[in-house]
Each structure stands twice: as structure tokens, then as C-alpha cells.
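Visitor: Below is the structure I would like to discuss, written out as C-alpha cells.
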Amino acid sequence: MSRRRIGWAILAAAVLLGFVGSGVALRSLQVAETYATERARLGGGPEQARRIVSLAPSVTEVAFAVGCGDRLVGVTRYCNHPEAARRIPRIGGYSDPSLEVVLALGPDLVVGNLGLDHAAMARGLRLLGIPVLLLDQGRIEG
């Protein structure tokens, strides 16, 4: 799937969920562009993420809401919605994810939150060549 199609999928999900307003649609497109830029910076191609690790329950719920739940290969021990999330391997908590477990799952994208201090793990994963997307979910615009 191209970056453009990923962006449109995120935008469509935002519209369906009723969160479009004051820059939210633009932010959704920026998320897709940020992922593509991150992959390019790390030497990867433009292909879509197929093995995603979620570092937060909110990320897991959004992944399922936009139709990407089947790509999740790791979630936190607190990710229990929707029901299908309970069957995905656990990486630890959202404040103490295990780097070793994340690496063992072989993700091609790790998604976390800015507000949950995932920056330290993001730096380590990026040094190992794994793209990381940190979302700003502290405000409706994020």
C-alpha cells in the first residue's frame, strides 16, 4: 500500500470516528508521511508496515479501528480492547515495555505515545534500524 493510500485510510478512519476538525485530518496525513520519512531515514523502502508493535492501549485500539489490528504482533499487558487484542503476544506494560521482547517479535514498525515517555525506547530501536512512530495523543489534534 502506498503512503498516499495509508494516509487516506487514516483520514477515512478519522472521519468515521467523528474526530475531524481543526487540523485533525491534516495530522492524520502527517502521521503517514512521518512513517514513510522514518523508513527512508533508516534505509527502508516505502512499503507499508506488516509487523507492528503497539506500546500503548490507545495505539492498539486505533490500529484495530483503522483496520490494521491483524498486523499487530505485540501489545502491552493492558491492551484488552477489542477482544482480539487479548490474543496478541505481550511486550510488558506501557511504562515498562521489554526491549528484548519487542526485538524478538521482529517488528517493522513500533508505535508509541509521546506522553508516555517512549522516547528512550524509540532512540534505542532507531539505533537498531527499527522505525518508531510516536503519536501525540494528549490532545484531540494529535
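The values are calculated or read from the model by the stated rules, or taken from the named source; none is laboratory data. For clarity, every value in this text was computed on a predicted model and none was experimentally measured. We work out accessible area using only protein heavy atoms, side chains counted, and drop any ligands, DNA or RNA first. Shrake-Rupley method; radii C 1.70, N 1.55, O 1.52, S 1.80 Å.
Visitor: So who's got an amide H within less than 5 Å of the one on V110, skipping anything under 5 residues away but keeping other chains? H placed 1.01 Å off N, in plane.
Guide: Answer set, sorted by chain and number: V53, V132, L133.
Visitor: So what is the accessible area of segment 73-142 per residue, in Å², with the probe set to 1.4 Å? Spell out each step's value before the answer.
Guide: Numbers: 3660 Å² over 70 residues.
Each residue of segment 73-142 exposes 52 Å² on average to a 1.4 Å probe.
Visitor: Give me a comma-separated list of calculated 3J(HN,Hα) values for segment 96-108, in order, Karplus coefficients 6.51, -1.76, 1.60 applied at θ = phi - 60°, integers in Hz, x for any Gly or Pro.
Guide: 9, x, 8, 4, 4, 5, 4, 4, 5, 7, x, x, 9
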